[in-house]
1. Give me a comma-separated list of calculated 3J(HN,Hα) values for region 31-36, in order, Karplus coefficients 6.51, -1.76, 1.60 applied at θ = phi - 60°, integers in Hz, x for any Gly or Pro.
2. Based on the inverse mean of 1/r over its pairs of different Cα atoms, what is the Kirkwood hydrodynamic radius of region 22-169, in Å?
3. Alpha carbon centre of region 31-74 versus region 239-258: separation in Å?
4. I want the antiparallel fraction of DSSP beta bridges within region 21-270, as a percent rounded to 5.
5. Mind checking which of Tyr77, Val255, Ile190 is farthest towards the positive end of the chain's charge dipole, using Cβ charges of +1 (Lys, Arg) and -1 (Asp, Glu) about the Cα centre?
6. Where nothing but the Cβ of Lys and Arg (+1) and of Asp and Glu (-1) is charged, how large is the charge dipole of region 205-273 around its Cα centre, in debye to the nearest 20?
7. Report, in deg cm²/dmol and to the nearest 500, the calculated mean residue ellipticity at 222 nm for the chain, where each DSSP H run with n ≥ 4 adds -39500 (n - 2.57) and the sum is divided by the residue count.
8. Kirkwood Rh, region 21-270, all Cα pairs: how many Å?
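A short reminder: the numbers here are calculations on the coordinates, not readings from a lab. Small disclaimer: the values here were computed from a predicted structure and weren't measured. Glycine also receives a Cβ, built like all others from the backbone with ideal geometry; neighbour counts cover every protein chain displayed.
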Amino acid sequence: MSRGRRDTPLGPRTLDGAQCERMTQSEPGLRAPHPPLTAYYAREGDRGAWVRDLFDRTAGDYDRVERLLALGSGSWYRRCALQRAGLQSGMTVIDVGTGTGLVAREAARIVGEPARVLGVDPSPGMVGQARVPPGVRLASGSAESIPAADGAAEFLSLGYALRHIGDLSRAFAEFHRVLKPGGRLCVLEITSPASAWSRALLKLYLRGIIPLAARIVARHRAMPLLMRYYWDTIEACVSPASILRAIAAAGFVDVCRHVELGMFSEYRATKPRIEPRSA
Ligand SMILES: C[S@@+](CC[C@H](N)C(=O)[O-])C[C@H]1O[C@@H](n2cnc3c(N)ncnc32)[C@H](O)[C@@H]1O
């Protein structure tokens, strides 16, 4: 077991040989991942447009600041997390919330054929900055409305976009729709650490140091704002248990959460090969 990795004794063995916090109960109707953050926008209905505009304005700086932010969540980490979730050569992938393509790029490397990867994002600014291998397809869409046919993919990834989704239950139902039976889901997200000390340190880093550093390296004035919003959404986000229950409620099985360094959550699940018969 690597240092800092949290493996609960409850979980079964998973594809990476480690254990994973597991959920079998379901929770219907989980909508927004956090209450409206009124310091940024007035009401829930304004959030989607406000977030899209923020990502549009900061897209040109995203990769540079992401490298600065690092904290292990770089390309290497994304690639390892995809592999731990079962992504293999030859699979077809939909990467939702693809942004500048950091997850899609790693997915293309693993599957070996870039044309097998479709990246989806609502921000034209982010997609306009995407640096992905030739062949990777990029489309406008959202987690709640994915421009793909039923059963189009064998693997679906969502990298650090869960906190920006307006309706989580609708998004998980959409993930279930576009996956083939037996298809795998991998949701990467940063979670506020359980320990008060770790939480305080992470807050100091993300809410204090990174916005200051972003002021220096970023070309766009909105970047420090994005970084402050980044931490505020992490702090306000619904619990991992609620996320696990909402994924299960969408019809997924083997729903579990693997944690690295106490804050990098990897939610994994499988679409059943045979759907349970409704009562
Ligand atoms: C922090 S970036 C993550 C980008 C990339 N996946 C990564 O790993 O770096 C979050 C992305 O989520 C997108 N996003 C915002 N709302 C979304 C929604 N409802 N559905 C899907 N993506 C959304 C944003 O446009 C942005 O590109």
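1. 8, 5, x, 7, x, x
2. Values: mean 1/r = 0.0619 Å⁻¹.
Final number for the Kirkwood radius of region 22-169 is 16.2 Å.
3. 24 Å
4. Values: 17 of 35 bridges.
Given both bridge residues lie in region 21-270, the antiparallel proportion sits at roughly 50 percent.
5. Result: Tyr77.
6. Numbers: 10 positive and 5 negative charges, 52 e Å.
In debye, rounded to 20, region 205-273 gives about 240.
7. Details: 9 runs with 102 residues, N = 279.
Calculated at 222 nm, the ellipticity per residue is -11000 deg cm²/dmol.
8. On the way: mean 1/r = 0.0554 Å⁻¹.
Taking the inverse mean of 1/r over all distinct Cα pairs, region 21-270 comes out at 18.1 Å.
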